[in-house]
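The values are calculated or read from the model by the stated rules, or taken from the named source; none is laboratory data. Since this is a predicted model, take the numbers as computed values, not measurements. Here the Cβ positions follow ideal geometry from the backbone for every residue, glycine too, while neighbour counts run over all protein chains shown. For accessibility, only protein heavy atoms count, side chains too; no ligands or nucleic acids. Shrake-Rupley method; radii C 1.70, N 1.55, O 1.52, S 1.80 Å.
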Amino acid sequence: MNRTPFQHLLAGECARATAGARPLSTLLVAIDQFDKYNETYGYAAGDRVLTAVVAAVAAAADRPGDVVARLAGNRIAVLLPETSFPAAS
């Protein structure tokens with residue numbers, strides 16, 4: 001999933017969580033020094049790394065309703081419905 005569908009899903013989940021007074025957590029993951037990696041190894045290699053990182057994050061966020069999305073560049077978002085801050089950290 002990319003940024004636009006994620007933003008729509010996030011808005012809906014925020015409304016649902018607010019209406020039901022339920023927890024909702026969102027994680028933002030950024031890969032440090034990623035531009036340097038792309039410059040050194042090329043954009044194709046960088047895309048393979050991003051694909052592997054997204055797959056690893058998605059494997060950890062495996063409950064129904066958990067969503068992993070690539071926002072832009074080296075940023076990945078994870079939406080965790082029904083998850084409190086302590087449980088998400």
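Among 67-75, 54-62, how do they line up by average Cβ neighbours within 10 Å per residue, starting with the highest? Walk me through the numbers before you get to the answer.
Values: 67-75: 17.1, 54-62: 12.8.
Top to bottom by mean Cβ count within 10 Å: 67-75, 54-62.
For the set Asp32, Asp47, Asp66, solvent exposure ranked by accessible area (probe 1.4 Å, protein chains only) runs largest to smallest as Asp32, Asp47, Asp66. Subtracting the Cα-Cα distance of Thr26 and Ala72 from their residue separation scaled by 0.36 nm leaves 15.0 nm.
The heavy atoms of Ser25 offer some 10 square angstrom of accessible surface to a 1.4 angstrom probe.
Between the alpha-carbon centres of the range 48-85 and the range 1-19 there is a gap of 14 Å.
Of all complete DSSP H helices in the chain, those with a Cα span along the helix axis of 24 Å or greater and a mean Kyte-Doolittle hydropathy of 0.5 or more are 43-60. Which residues' amide hydrogens lie under 5 Å from the amide hydrogen of Thr83, considering only partners 5 or more residues apart or on another chain, with H built in the peptide plane? Those lying under 5 Å, H to H, from Thr83 are Leu24, Ser25. Taking the square roots of 5 times each eigenvalue of the Cα gyration tensor of the chain, largest first, gives ellipsoid semi-axes of 28, 12, 10 Å. The C-alpha radius of gyration of the range 1-44, expressed as a fraction of 2.2 N^0.38 Å, stands at 1.77.
So what's the back-of-envelope 222 nm ellipticity for the chain, counting only DSSP H runs of four-plus at -39500 (n - 2.57) apiece and dividing by all residues, rounded to 500? Provide the component values of the computation, followed by the final result.
Values: 4 runs with 48 residues, N = 89.
When only DSSP H runs of four or more count, the value is -16500 deg cm²/dmol.
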